[in-house]
Each structure stands twice: as structure tokens, then as C-alpha cells.
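One structure is given here, and the rest of the page talks about it.
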Amino acid sequence: MRLSRLTIPAVLAALAGSPIGRALADGFVDAPVPWEMGLRPPASPVAEYVHSFNNELLVIIVAISAFVLGLLLYVIFRFGEKRNPVPSKTSHNGLLEVAWTVIPVVILVAIAVPSFRLLFLQLNTPQADITVKATGKQWYWTYNYPDNGKFEFDSLMIRDKDKLRADQPRLLGVDNEMVVPVNKTVRVLTIGAEVIHAFAVPSFGIKIDAIPGRINETWFKATREGIYYGQCSELCGKDHAFMPIAVRVVSEQAFATWVDEAKRKWARDDSAPTNFAAADQATTR
Ligand SMILES: [Cu+2]
């Protein structure tokens, strides 16, 4: 207790002076912060739903745990040998038995309704404004924007910590971020080039496997500009921990400018098969 009282202000002070702390003051950076509790701050309708569902569940499980603990304590104190020397021989109670069957069913249904609603929200992709294809490779991500032109680029973690920008946390910062416009529905198509990876960005409430030979689909609509981080979430080999996902959410104009630049910088030569095309041929043969 004494230790944490001493360390929390120290950590906060260190954070205020740290590069990430400064970046937080200028623009939103979805980086983990020491002593953080709970889920990442939500930045999409799905993530907001995930939060509210999580909070509802917390109330329900705390109430159930407190109720069961209360019953246990009551039984221990009230029906111990000293206070209750002659035990009751009651073996059935119709009302009680119906109640302890029906009440849990009602609780489960109350949980199932928002749970299914969330599942449908996550899995029914609305009309998308842009599409991004994320290909998981050992061990980095490759992004394509099929609606925006023929370009493709790799996104690798920055290993040298001296090369990180002020707003890039270690082990999450990448050389080329995936860029998307704010308040637009982004359809994400995922595929694995050789093994199964998983594309996950907690602040958008998305996590979907990237499987070789099969395209998976998810979506998000970022509601706030900034940089959001996620990680590959399927054990995929030696550098599984070092293939972060960085998504930069920008204004619509900034996105258009970025697309123009990207088309020049990463123009794709369709005559040369990419790893993705090779993987695709291998699995469809
Ligand atoms: Cu992976």
C-alpha cells in the first residue's frame, strides 16, 4: 500500500515528462499508460458497445458474487453447530427450487440479448466507404487499398528505439502506418500469407483471424483522429510479439493527400507476383 502511494505520483510525473505523455497533450495517441485499469478508450461504435456491455456484465457478476458470498456467510454463522444444534430435515421446497432455476435463466437471457446484439453489430459490415486489405506475414503486415489505387506497402515494427517518433511507443511504433479517414466506415479484409495471424485493434473493438487461403472481413468506424495500436493476436512464430498494427486516423483531406503520396511511393507492379498472390495460388491449387 505504502509502495503504491509512493510509486503512482512518481509514475505520473515520469509519464508527464515522457515522449508519450507529451504526445497525449497534442493529439490522441492510443498508447498504453502505466497503472491503467480497464479497457482501451473506445474510438468506434463497436468499441463503445463493447465497453457498455463489459460494464453491464461487471455489475451483474459483482451482484451475483456478493449474493453468493452473503448466503455462504449467513449459513456459516446462522447454521453452525453452536447456533443450530438440531438441523432441519427439510429436503424439498417447490417454490425455492423453481426460483433458483428460473432466476439464473432470466439472468442468462438478460446477458444473451446485448451479447447477440453486439455480435451482429460486429459481424454485419455496413456499406463501406473504403476497403483496406491487411495481409499478415511472418512477421509484419502488408496493406492494400483496393478502392484507392494500385499500391501496397509493408508495415514493420521500428526496432531501433532511437528512431521512434515522439508519439510512437516502443514495440508498437511502425515505419508505415495504415491510414484511414475519420468517421468513415472502413471494411478490413484479412488474410494470412503463410500461417494464421490475427488483426486486432482494441480501441476499435476488432479482432479477426488472418488465415491463409481465406479472406475474413471486419469493419470499424473511427470516431476520433489519432493513432491507434493493436497487435497480432494469434501465435504465429518467432516474432509474433513484434508485428504491431498501427492505424493513423486522419481527416478526409489528409487521407486524400496521403493516398496521392502513397500511389507514387508504393506503386505496385502487377507483373511481379506478391507474396500474397503466391500464397493465394498455393491454397487454391
Ligand atoms: Cu502474426
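The values are calculated or read from the model by the stated rules, or taken from the named source; none is laboratory data. Keep in mind it's a predicted model, so treat the numbers as computed, not measured. Ideal geometry is used to build each Cβ from the backbone, glycine not excepted, and the neighbour counts take in all protein chains shown. For accessibility, only protein heavy atoms count, side chains too; no ligands or nucleic acids. Shrake-Rupley method; radii C 1.70, N 1.55, O 1.52, S 1.80 Å.
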With every protein chain in place, the stretch 78-207: carbon and sulfur % of accessible area (1.4 Å): 59 percent
Using DSSP to call loops (not H, G, I, E or B), can you name the chymotrypsin sites (Phe, Trp or Tyr not before Pro) in the stretch 131-190 whose Cβ has at most 11 other Cβ atoms within 10 angstrom? none
Hey, what's the Cα Rg ratio for the stretch 108-182 versus the globular rule of thumb, 2.2 N^0.38 Å? 1.55
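Between the DSSP loop rule and a limit of at most 13 other Cβ atoms within 10 Å, which trypsin sites (Lys or Arg not before Pro) in the stretch 53-153 are left?
Passing sites in the stretch 53-153 are Lys82, Arg83, Lys89, Lys150.
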Read phi for every residue in the stretch 194-206 and hand back ³J(HN,Hα) as whole Hz from Karplus 6.51 cos²θ - 1.76 cosθ + 1.60, θ = phi - 60°, with x for Gly and Pro. 9, 10, 7, 10, 9, 9, 9, 10, x, 5, 9, x, 10
Amide H neighbours of Ile245 at under 5 Å, excluding residues fewer than 5 places away on the same chain, with H built from the backbone geometry, are Gly230, Gln231, Cys232
Any chance you could list P(r) for the stretch 208-263, counting all Cα-Cα pairs in 5 angstrom bins from zero, rounded to whole %? 4, 14, 17, 20, 19, 16, 9, 1
Could you tell me the convex hull volume per residue, in Å³, taken over the Cα atoms of the stretch 124-245? 102 Å³
Of Lys133/Lys221; Lys207/Lys265; Lys133/Lys265; Lys137/Lys161, pairs whose Cα-Cα distance is over 20 Å: Lys207/Lys265; Lys137/Lys161
For Arg83 paired with Asn183, estimate the spin-label separation in nm (one decimal), with each label point 7 Å from Cα along the Cα-to-Cβ line. 6.1 nm
With the crude spin-label approximation of a point 7 Å out along Cα→Cβ, what separation in nm comes out for Ser65 versus Ser251? 4.6 nm
The stretch 81-210 - percent relative contact order, Cα under 8 Å, separation 6 or more: 22 percent
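So for the stretch 71-138, Kirkwood radius off the Cα pairs, Stokes-Einstein at 37 °C and 0.692 mPa s: how many µm² s⁻¹?
Numbers: Rh = 18.0 Å.
Once the numbers are plugged in, D ends up at 182 µm²/s.
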Could you work out the local net charge near Lys161, counting Lys and Arg as +1, Asp and Glu as -1, over the other residues with Cβ closer than 15 Å to its Cβ? 0
Label-point separation, Asp162 to Lys265 (7 Å along Cα→Cβ), nm: 2.3 nm
Rounded if a/c is under 1.5, else prolate if a/b beats b/c, else oblate: with a ≥ b ≥ c from the C-alpha gyration tensor eigenvalues square-rooted, which is the stretch 36-111? oblate
